[in-house]
Structures are given as structure tokens and as C-alpha cells.
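Presented below is the structure to which this report refers.
The values are calculated or read from the model by the stated rules, or taken from the named source; none is laboratory data. Everything numeric in this text was worked out from a predicted model, so none of it was measured. Cβ placement follows ideal geometry from the backbone for every residue including glycine, while neighbour counts extend to all protein chains displayed. The area values use the complete protein model at the heavy-atom level, side chains included, leaving out ligands, DNA and RNA. Shrake-Rupley method; radii C 1.70, N 1.55, O 1.52, S 1.80 Å.
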Amino acid sequence: MAVDFKDYTRKMDRTLEVLKDDFGAIRAGRANARVLDRISVEYYGQETPIGQVASISSPDPRTLVIQPWDASLLKAIGKAIQASDLGINPQNDGRVIRLVFPQLTEERRRELTKQVKNYGEGAKVAMRNVRRDAMDFIKKQKKESVITEDDQKKAEKDLQEITDKYIKKVDEACAVKEKELMEL
């Protein structure tokens, strides 16, 4: 009897998705509305992502324009952006907020690549935790005599191959993001 790894591969796929979402929030010198995904503003007593209370557009590669649907949110959005780790001063003209993304300095690029590496390590740890859970499941199956020792060895080998494949995907995603950050 073979062990089914669908749940575990789904969890690893989800970890990869989260990693890519994290990478989307790291700005690479170009204006990208996803950098605002993690910034929330209080709206009717609830913390609400900026994208849900305003329209966000990019008139040019270095600028984002945030136009809240409720003008009373302008100050709150400005404060939330300043309090975030975005490192950009919002410019409020009374109708919209403009975010002008400066060219990244070499030092900031290095900081961001360190952040990418940290996210990558976090994803690898999460995947190793999924692997550990799967290993525990395999051992439990063996202990309950659901599978044979040969099945256990094969399942553990298959699981390791799956984990290695996903860790390689994490490394590739990190390399792509680092390359993007280091481009001038």
C-alpha cells in the first residue's frame, strides 16, 4: 500500500504561494500596488487593507496614486504608509495620495536581498515541518501495521524527494527575486 502525499504537497504548494505573496510586497524600485497589500487602515472600526478602501493606479513606473473612496481616509492612509516599513513618504494633495518610488540604493538592495533570503528560509522551515508531519504519519501507519517496513522506507524516500523538489523551487524563486532586486 502506498502512502498518499496529496495533503502534504498541497501544504507545500500553499507555502510557495505565501512566499511569492511575500516577495510581491518587497518593492524592487518599480511601483507595484502589491507593496500596499500588507498595510491596513482603520475603517469603521475595522482594520482594512488599503486596496479595499481606495483605488490604486500607477501612472508611471515610479509612482502609485491612491484615491480613497472616502476622502476622510486620506490622513489615515498617509499615516499607515508612514508607519509601515515601506520607507516612502506619502504626498497628500487633498484628493489623492502619491507614492514616488526612488531608485533603490545599493545598500537598500542588499537589505532587501537579505529580507528575500529570510523569507526563503522561513518557507524552507515550513516545508520541513510539513515533511516532519508526513514522516510522523508514515511512522504511525507502520506502527499500526497499516504499511510494511518496505512501504515505510519507500514512502520516506518519496517524501524526501518531494521535499527536495519544493525546496529547490524556493531557491529558484529566491534567486529570481534577488536578481530582480539587483538590476539597476
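Among the residues here, ARG27 does not qualify as open to solvent by 30 Å² or more (accessible area, probe 1.4 Å), touching a helix residue (DSSP H, G or I) at 6+ places or on another chain (Cβ under 6 Å) and at pLDDT below 80. If ASP22 passes every condition in (1) under 30 Å from ASN129 (Cα atoms); (2) free of Cβ contacts under 8 Å to residues at least 24 places away in the same chain; (3) of a type in the set (D, E, K, R) but one, which one does it miss? Condition not satisfied by ASP22: (2). In the stretch 64-85, the residues that are free of Cβ contacts under 8 Å to residues at least 40 places away in the same chain reach residues that are of a type in the set (Lys, Arg) with C-beta atoms within less than 6 angstrom, at least six apart or across chains, in these pairs: VAL65/ARG98. On the stretch given as the stretch 89-143, residues that are in contact with a Leu (Cβ under 7 Å, 6 or more places away or on another chain), without any contact (Cβ under 8 Å) to a residue 60 or more places away in the chain and in a helix (DSSP H, G or I) total 1. For the stretch 78-112, a residue qualifies if it is among the hydrophobic types (A, V, I, L, M, F, W, C) and open to solvent by 60 Å² or more (accessible area, probe 1.4 Å), and the qualifying residues are ALA83, VAL100. Within the stretch 113-165, if we keep just the residues that are over 30 Å from GLU178 (Cα atoms) and of a type in the set (Gly, Ala, Ser), the residue that is surrounded by the fewest Cβ atoms within 10 Å (Cβ to Cβ) turns out to be SER145.
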